[in-house]
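Notes follow the structure.
Just so it is clear, none of the values below were taken in a lab; they were calculated from the coordinates. None of these values were measured; they are calculated from a predicted model. No Cβ is skipped: glycine too gets one built from the backbone with ideal geometry, and neighbour counts run over all protein chains shown.
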2 protein chains.
Amino acid sequence: MMNSPDERSLPQKISEDIISLILEENLQPGDKLPNETVLCEKLNAGRSSVREAMKLLASRNIVTIRQGSGTYIAKTPGMVEDPLGFTFISNKKKLVHDLLEVRFLLEPSIASMAAANADEEDIKKIIKLCDEIEDLLKNNEDHIQKDIEFHTAIALSSKNVVVPRLVPVINSSIPLFVEMTRNTLHKETIESHREIAEAIAAHDTLRAQDAMYLHLVYNRKTIQKSI
Amino acid sequence: MMNSPDERSLPQKISEDIISLILEENLQPGDKLPNETVLCEKLNAGRSSVREAMKLLASRNIVTIRQGSGTYIAKTPGMVEDPLGFTFISNKKKLVHDLLEVRFLLEPSIASMAAANADEEDIKKIIKLCDEIEDLLKNNEDHIQKDIEFHTAIALSSKNVVVPRLVPVINSSIPLFVEMTRNTLHKETIESHREIAEAIAAHDTLRAQDAMYLHLVYNRKTIQKSI
């Protein structure tokens, strides 16, 4: 997928050395990296190559460069926007259909895991997002961002470390869904979100799984009508 | 996840203009991009900014720069190595456990979809990979790359456009699995791969689903022993 080692430019090689350094020193999101002078010495590299390497790492969202302050480990290091490259799948109808198929495989079980593992903090957040989405929908305002946050909060409650990195990617389809269903799902969205949130709050794994399944069924029905 | 628009550098902005251009002109993997002079004119930008922008796109694996030949759309545009940033999850035991949990959610259903949709070409490829892995295992040679290819070939046979982008990511855990199970799974790997391949070749969806489930169960048992 990537260039083979011998095709790599000097800044690419140095960027990989910096990744090794981050891992060895166990730097965490938000931690500051050593300054340029220190890095040049440690990596035995020139200033301009290190600067180029940092730009590459910033474009992969591994570090965040703050002008005048320094370079920091990014919040979710290594996760770029659209990491699976859905932008470049040109048949959007097929993409929406297939993303929904994958959501069916993942999200009911994730809701069940969330019901089993959510703590008080998680539950508060899920209920709050559910309230906010309901208000937005009733006022005919844009709820897409909050909708993705709702599904991400459920993913985080599963306590599986992979799931919160996967769900926002799969849920990148929500804007496409909303566009295709032309916002006709207001009532069903409110009710099925509420049922999912309450089931998780009650730690009822089966009810959470069924509620999420039903939520996806509503979506699929409406999408099939619109295609 | 990404920098907000006002924090973006000029090359970043230009790189996004180039992405828009790629999408508008519906350029496909392997297609050549217009040369620098044409791009500078189209995007109303300077040569060095366009060059910087191209380096950013190359680091995100959207384009491939071939010295002396030109710039081309990458094979799987927008998919970088380790797109979900697993490198930066420091607890590897938890990562292996949670990746396996996600494989349980996805792969049995994907095997079933493959059994439903695989064409003659797909089946030939799956059987061939199955044979190759068997030979490697019997000779105690490294089978990891072929193992990932086997699961990717099944993902491609599902004919879902999202699944082949997801499965290699989830299967990035295979090297970790093999390390943790210390290669004790030879016989089970051979038998369960064979059963999966034959079920797909017979277009038997339930048998394929069960065979994949069993394959994952073997893996989980061995991993639990080793943790």
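The table below gives the values:
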item: Other-chain or far-sequence residues with amide H under 5 Å of B:V63's (modelled H); result: B:A58, B:A74
item: Inter-chain shielding of A:86-93 (mean C-beta neighbours from other protein chains, 10 Å cut-off); result: 4
item: Residue-averaged beta-carbon neighbours from other chains (10 angstrom radius) around A:103-111; result: 3
item: Pairs of alpha carbons in the protein assembly as shown whose separation is greater than 40 Å (percent); result: 23
item: Burial order of peptide ranges A:151-157, B:92-98 (average beta-carbon count within 10 Å, highest first); result: A:151-157, B:92-98
item: Distances in nm from B:A116 to the matching label points in the other copies, shortest first (labels 7 Å along Cα to Cβ); result: 2.6
item: At 7 Å out from Cα toward Cβ: A:K92 inter-copy label distances (nm, ascending); result: 4.3
item: Gyration tensor (Cα) of chain A, equivalent ellipsoid semi-axes in angstrom; result: 40, 21, 15
item: Members of A:K75/B:K75; B:K159/B:K221; A:K42/B:K55; B:K125/B:K146; B:K32/B:K55 lying beyond 21 Å, as alpha-carbon distances in this model show; result: A:K75/B:K75; B:K159/B:K221; A:K42/B:K55
item: Tensor-based shape of segment A:5-73 (alpha-carbon gyration tensor, a/c under 1.5 rounded, otherwise prolate or oblate); result: rounded
item: Inter-copy spacing of A:I127 label points, which lie 7 Å from Cα along Cα→Cβ, given in nm from shortest upward; result: 5.9
item: Cβ nearest the rotation axis (B onto A), residue from chain B and distance to the nearest whole Å; result: B:P83, 2
item: Förster radius 45 Å - calculated FRET efficiency between A:S48 and A:Q145, Cβ distance, rounded to 0.05; result: 0.70
item: Shielding by partners - mean other protein chain Cβ count within 10 Å, residues of A:9-16; result: 1
item: Pairwise FRET efficiency - A:R66 versus B:S20, Cβ, R0 = 25 Å, nearest 0.05; result: 0.35
item: Packing-based ranking, highest mean first, of B:48-60, A:202-214, B:99-111 given that Cβ atoms within 10 Å are counted; result: B:99-111, B:48-60, A:202-214
item: Mean Kyte hydropathy of 0.0 or more with a Cα span along the axis of at least 15 Å, helices from DSSP in chain A; result: A:10-24, A:92-117, A:144-157
